[in-house]
Every structure is written in structure tokens, then in C-alpha cells.
Amino acid sequence: MSKPPALFDQEEGLDKGEGMKRRLTVAALVGITGLLVAQSNPAVGADFYQGKTLRLVVGSAPGGGYDTYTRLIARHIGRHIPGEPATVVENMPGAGGLVAANFAYKRADPDGLTVVVFNNSNIVQKALGDPRIKIDFDKLGWVGAPSVGAPMCMIMGFTGLKTLDDVLKSKRTLKMGANRAGTTGYDLPLILNKTIGTHFEVISGYTGTSKIRVALQSREVDGFCSNWESMRVTARSMLDAKGDQKLIPFVINEKWEDPEVKDLPLFKDVIKDPKKFAIYKAWANQMDFQRPLSVPPNTPGDRLSILRKAFADTLKDTALLTEAKKSKLVITYVSGERTDELVREILSTPNEVKKSLSFLVRNKGK
């Protein structure tokens, strides 16, 4: 039997040089196909994650919304990752989530075993020119987000104030507890000062919403701005309290059916000047993805894909949804791909919008 011709070399009269080019092309295609198959093959993930521990780092203190949502996810996501790794949650509070964000960007190993959750308002601060933030957020790998935000503001019963009208008519300066510039507690009172004429003094430096709640109860501060989807759970005892210790919501971003907020005025209705409302709206765009999960730059693409799929499956998990409903946590899935798009949109904020929000950036130019 005669020996078959070498592949391509003699096909249609190709010379050896052309044959070599075709062999290289075929080899490249085979390699790419193999990579795609590997990325879609659960066995690949099982080989890596089997017997390991997935570490979820939260950039805030225990007891707040970021911590609560992350711990809920951690209790269920392991079942949806091939190899079913164990999970552990670690709190890394500081600078409004910036400590954890820096950890994700500069220090965490890009091996797919560390997921970091930090306040995405740091991305807004980066876009606005905060000189302290030296993170390329578009280089992080985004797994997705479990919720969207509903910003709102509250006042304590001991102030004697109950409504937005009461707050606007108040003759004294009201102290609002906050973490740092870039968080809802810091930014929103300043936006309201600029747009509707409130007289809020922001008292910053608290490491998390749980610490601010303590400050409210001890009368260190008079009020607080946060997100309702979190506060309706984490501040439940204060919302249910009576008299001086009662926490009273007085304005919110959108309609909710919860009795505490269903009749509250909306920001879009109380900020009547279109130019001033544009300031609020530009800031509020970050609320389209809250408590996002990220992995360090250069994390292998196949492991990011595994985590994205596991995250999506986790937020559809009946056991998670049952637990969330029991805890009154609202779950709104935002994909990793969509989160990445939203991050890039914030980072490309037009200059005129940046200028309108520049008052939110501390120490600019230093």
C-alpha cells in the first residue's frame, strides 16, 4: 500500500511553505477550540476547585447590607461551582470600601479563589478625579451584583422631625452619619444641600452602617442616608422602635410598598430644577448595580466564567430565594457582563457631569 500524501503539502499543488502555513493555522484553530471546550467543561472547574476554599472579602464591617448580602451568597454559591469548594467570608472594612478595593486590585492572588465585594461608589469617585483612588476598575473581573439600590434618607425621633418638610423648615444644622466621601451616607446629604437647600453636616469616619446605627442610637448624629433594600432589614429594630429611638425615613428614590416608605416623597419630585436633578441622577446611576462581586486583574478567564455562571445559578437557587424572602432581602440579579458595562460607563462620565459633581470629591488636587 502506498503511503498517503502529507496533509496539505500536495493538495492542489501547494508547496511546502504553504503547507506549513496551513498546518500552523489548523493547529491554532485546534488550540482555540480546545480552550473553548475547556472553559465550558465543568470537569475543568472541578479539577481546580475540588477541595479548595473560596474566600469572599467584604469591604465593610459585619452587620451592614454588604455583609448581609455577601454572607447569604456565601452560604449557597459553593453548591453551584464544579468541585463544590468550601466558602468563607472575611470582613475588611476601611475607607468606605477602598481598603478592600485596593486589596482586590493590588494584593489578592488572581487565582479565582478570592472574590471581593466593595462599595461601587469608589468607581464614581475615581471617575470624578479622587486623587486617592489609584485603581483601574475596568481591569477587575466582574462576577455580577445581587441587587440594585434604592437611596433614601432617615431622621431619628429624638430630633422631633418626621417629614421632609420638617427637615427643610428646621432652623438647626442636622448631623448626618457617614463613612467617607463616595458613600451614600456622605454624598446624598451634600447633594440635597446643593439641590433642595437642606442644612446637613456630614459626620464621616464610621466604618460601616452598623456603626452608624449605634451613633444614631447614642445621639452622636441625627440622621443617615443609605439604601432602603438594605435598611429595611439591617435597621429593622430601629424602624420598629417608638419615640426618640425610632428611625424615620423621609425621602426615597422610588416607590416601595413597605409601609414605612410607601407614601414618601421621591427625589425626582422634590428636586424640581432639571439641572439640579441632573446632578442627582448622574450620581444615582451607580445604583443600577449594588454590592458587586469582583476578582483581581488577570484572573484566568475560565475561572471568571465559572464564577459568573455559579453566581447566576445561585441567585436563582430556591434555597437562597427562600432564605432571602424570610430575611426580607430583595434579590435583583445583575450579570457580570452587564456590571462590566456599567463600570465602564461610569468611568467614561462626560466632563460636564464630572464638573457638576466635583463638590463630592474631597482633597481634590492634593
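Tabulated data
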read-out: Unit charges at the beta carbon, dipole of the chain: most positive-side option, Thr198, Thr209, Gly78; value: Thr198
read-out: Degrees between helix 318-327 axis and first principal axis of the chain (Cα, 0 to 90, nearest 10); value: 10 degrees
read-out: Isotropic mean projected area of the C-alpha convex hull, the stretch 145-193 (nm²); value: 4.5 nm²
read-out: Value in Å of the Kirkwood radius, where the stretch 183-330 supplies the Cα pairs that are averaged; value: 17.9 Å
read-out: Listed peptides 280-292, 74-86 by packing density, highest first (mean Cβ within 10 Å); value: 280-292, 74-86
read-out: Estimated dipole of the stretch 311-366 in Debye, rounded to 20 [Cβ of Lys and Arg +1, of Asp and Glu -1, Cα centre]; value: 500 debye
read-out: Dipole magnitude of the chain, debye to nearest 20 (Cβ charges: Lys/Arg +1, Asp/Glu -1, about Cα centre); value: 1140 debye
read-out: Dipole of the chain, positive end: most advanced residue of Leu54, Gly144, Asn120 [Cβ charges, Cα centre]; value: Asn120
read-out: Gyration tensor over alpha-carbon atoms, the stretch 65-194, equivalent ellipsoid semi-axes in Å; value: 35, 19, 11
read-out: Dipole in debye (nearest 20) - the stretch 204-324, about Cα centre, beta carbon charges: Lys, Arg +1; Asp, Glu -1; value: 300 debye
read-out: For the stretch 161-303: relative contact order, % (alpha-carbon pairs under 8 angstrom, 6 or more apart); value: 20 percent
read-out: Translational diffusion coefficient (Stokes-Einstein; Kirkwood radius from C-alpha pairs) of the stretch 261-366 at 20 °C, 1.002 mPa s, in µm²/s; value: 124 µm²/s
read-out: Per-peptide average of other Cβ atoms within 10 Å, ordering 347-355, 89-97 highest first; value: 89-97, 347-355
read-out: Solvent-accessible area of Phe359 with every protein chain in place, 1.4 Å probe, in Å² to the nearest 10; value: 70 Å²
read-out: Over 21 Å (Cα to Cα) - which of Lys194/Lys354; Lys139/Lys316; Lys281/Lys326; Lys162/Lys242; Lys162/Lys325 fall in this group; value: Lys139/Lys316; Lys281/Lys326; Lys162/Lys325
read-out: Qualifying GluC sites (Glu not before Pro) in the stretch 209-284, DSSP loop, other Cβ atoms within 10 Å at most 10; value: Glu257
read-out: Stokes-Einstein D in µm²/s, Kirkwood radius over Cα pairs - the stretch 117-239 at 37 °C with 0.692 mPa s viscosity; value: 211 µm²/s
read-out: Rounded percent of accessible protein surface that carbon and sulfur make up, the stretch 76-210, 1.4 Å probe; value: 49 percent
read-out: Spread of Cα-to-Cα distances over 10 Å intervals beginning at zero, given as percent, for the stretch 254-293; value: 25, 39, 33, 2
read-out: Calculated FRET efficiency for the pair Asp47/Lys255, C-beta based, R₀ 35 Å, to 0.05; value: 0.10
read-out: Relative contact order computed over the stretch 118-227 (Cα-Cα under 8 Å; 6+ residues apart), in percent; value: 32 percent
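The values are calculated or read from the model by the stated rules, or taken from the named source; none is laboratory data. These numbers were taken from a predicted model, which means no experiment stands behind them. Note that we place each Cβ from the backbone using ideal geometry, even for glycine, and neighbour counts take in every protein chain shown. The area values use the complete protein model at the heavy-atom level, side chains included, leaving out ligands, DNA and RNA. Shrake-Rupley method; radii C 1.70, N 1.55, O 1.52, S 1.80 Å.
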